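Engineer: So that we are looking at the same thing, I have put the structure below in structure tokens.
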Amino acid sequence: MSSGNDANSDQTGAFEKRVQSWQDDLESGIRGLGKGSWARIIKMARKPSSLEFRQTCIVCGIGMFVLGFIGFVMLVLMDNVLPSFFEWLTN
């Protein structure tokens, strides 16, 4: 009967060692979060003011409009103006 308990305690000991190694790895990873080149950027990050946020939205909106306009012009060129030139794309 003691051999059954020894085998069970060996399994429990192996499981505890495995869990302890997982916990050690996790803790060492968390300790390393505040170090490194990107940590400085995170520490310096702040919430933008309303003016900065508005300017960022305007610039992004202008960029999306310009890219959409370029895509629309290319679509019109491919469909109406130069269909024979772009025919090789559809074959």
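The numbers here are math on the coordinates, done by the rules we state, and not lab data. This is a predicted model, so every value here is computed, not measured. Heads up, the Cβs are rebuilt from the backbone with ideal geometry, glycines too, and the neighbour counts pull from every protein chain shown.
Engineer: Given points 7 Å out from each Cα along the Cα-Cβ axis, report the Ser37 to Val66 separation in nanometres with one decimal.
Structural biologist: Label at Ser37, label at Val66, 2.8 nm between them.
Engineer: Sticking with this structure for a sec: Would you calculate the volume per residue, in Å³, of the smallest convex hull containing every Cα atom of region 47-91? All intermediate terms of the calculation are to be shown ahead of the outcome.
Structural biologist: On the way: hull volume 3.1 nm³, N = 45.
Spelled out: Cα convex hull of region 47-91, divided by residues, is 68 Å³.
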